[in-house]
Structures are given as C-alpha cells and as structure tokens.
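To start, the structure itself, in structure tokens.
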Amino acid sequence: MTERTERGMDTTEEEELPPFAEQMAQQLGGLRGMTEAAIPVIVFVLTNLLLGLRFPAEESRIALQWAIIASATVAVGVAIMRLAQRKPVRFAINGLFGIALGAWMAWDSGKEVDFYLPGIWIIIGQIVVLVGSILIGHPAVGWFWSVVANGGRNDWRDNARLVRVFTQLTALWAAVFAVKVVVQGSLWMAEQGTALGIARIVMGTPLFALLLVITFGVVRRVRRDQEASPA
C-alpha cells in the first residue's frame, strides 16, 4: 500500500513538473514570441530609412531620434499587449533590452549604424552556440525544434537519424549566420547605414523564416519516412 502510494506521488510529481524544455516552450512563447520581438527592430529600420530620405544628411540625428522613439514605443506596446493577454513576455523584454542598448549606442555616437552593432554581436554569439552544440553532440537546432514545434519533448535524442539530421541543420544555420555577420559587419565598418538597415530586414525575419521552412520540411520528411518504413 505504501509503495503504491509513493509511486502514485512520484507519478503526480512527474505530471506536475514537465521537462525543462517544455517549461522553456511555455516561458518563451514559441514562434509568435520570437516574431513579436523582431517587430521593434523592423520599425526602427523602416522609420530611419524613410525619415532619412526626408531630412538632409546634416539633420540625420532627427531621423535617428524618431526611429529610436518609434521602435521603443512599439517594443513597450508589444510587452504590454502580451501582459494583457497573459502571455510570456521573455522575448518582448529581451527585444526591449536590445532596442535600448542599440539606441543608446547609436545616440551616443551619433551614428545610425551603431544601432545594429548589438545585433551583430548576438549573431556571433549564436554562431558560437551552434558550433559548440555540434561539438558536444547536442545540436542546438534540435533543441530549438523541441521548444517551438515539439511541445518541449526531446524524443529526437533517441533517434540516431534525427540526431544526424539536426546536426547537419545546425551546421547550415551556423553557415547562414556567418554570412550574415560578414555582410552586416562589412556594412557597419563602411558606415553604410541605409544598406545595413536593408540588409538587417532582408537577412532578418525572411531569412529566419526560410531556415524554419527548410528545417521543418526536412524533419517532417524524415519522420514521415521512418513512420512509413517497416519496423
């Protein structure tokens, strides 16, 4: 009787305490949270580009000022909206922090290109994580997929073929991110603010969406093939 009770308590505890990856999936807000976190950056880029055409070069600080105000307002708005909807705000807060850091750097130097510098640093950090995860045998794209598309479950770790696929996909992501660093870093060093803003948009959400489509398509095909093949 005691053993059954203890086992029952253990089962209840396991049900009440989901795996760490599942908790992460709930806290981060999934794909929607990441998309909303990117909106303020897009607002800054577009506002700065449009106002940059309106004001002469000697008054570029005015365009920078309004771009910072617009992006910060949107970032705060996204955070408030998610709070009102009782949604996780981790990505919104992270996005607000990134906007604040980039805005401070741009305003301090008076150069719009410095707004994008934290983003370039972040991409470099992501490359380090991606490559490091491959070296230790835990491909980061696999864990990313667990969080945003698999409810936090990490059952792919028991599937040798999926581990290989996620390793290859992680290498692909790292290579794409490296290209982003080279392109955006070169534009930053050349102080080409308009071109850097356009590159940030094109190589931001659209490129990320393309990587998602490739990743989800490959994983889905592999799982479908495995389900169709005889045991």
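Figure legend. Inter-residue proximity from segment 176-188: first residues polar (S, T, N, Q), second residues assigned to a helix (DSSP H, G or I), beta-carbon distance below 6 Å, spacing 6+ or different chains. Indicated pairs: Gln184/Ile120; Gln184/Ala199.
Of the candidates Gly151, Gly132, Gly193, Gly197, the single residue that is without any contact (Cβ under 8 Å) to a residue 12 or more places away in the chain and surrounded by 12 or more Cβ atoms within 10 Å (Cβ to Cβ) is Gly132. Please enumerate the residues belonging to segment 107-119 that are part of a helix (DSSP H, G or I) and more than 13 Å from the chain's Cα centre (by Cα). Trp107, Asp108, Ser109, Glu112, Val113, Asp114, Phe115, Tyr116, Leu117, Pro118 - these are the residues of segment 107-119 that are part of a helix (DSSP H, G or I) and more than 13 Å from the chain's Cα centre (by Cα). Applying the criterion of being of a type in the set (S, T, N, Q) and in a helix (DSSP H, G or I) to the residues of segment 169-199, the residue that is modelled with the lowest pLDDT is Thr194. For Arg153, the stated conditions do not hold, so it cannot be described as basic (Lys, Arg) and either on the phi > 0 side of the Ramachandran plot or in a helix (DSSP H, G or I) (or both). If the condition is being in contact with a Ser or Thr (Cβ under 6 Å, 6 or more places away or on another chain) and within 20 Å of Val213 (Cβ to Cβ), then segment 148-169 contributes only Leu169.
The values are calculated or read from the model by the stated rules, or taken from the named source; none is laboratory data. What you see is a predicted model; the values in this text were computed from it and never measured. FYI the Cβ positions are ideal-geometry reconstructions off the backbone, even for glycines, and counts take in every protein chain you see.
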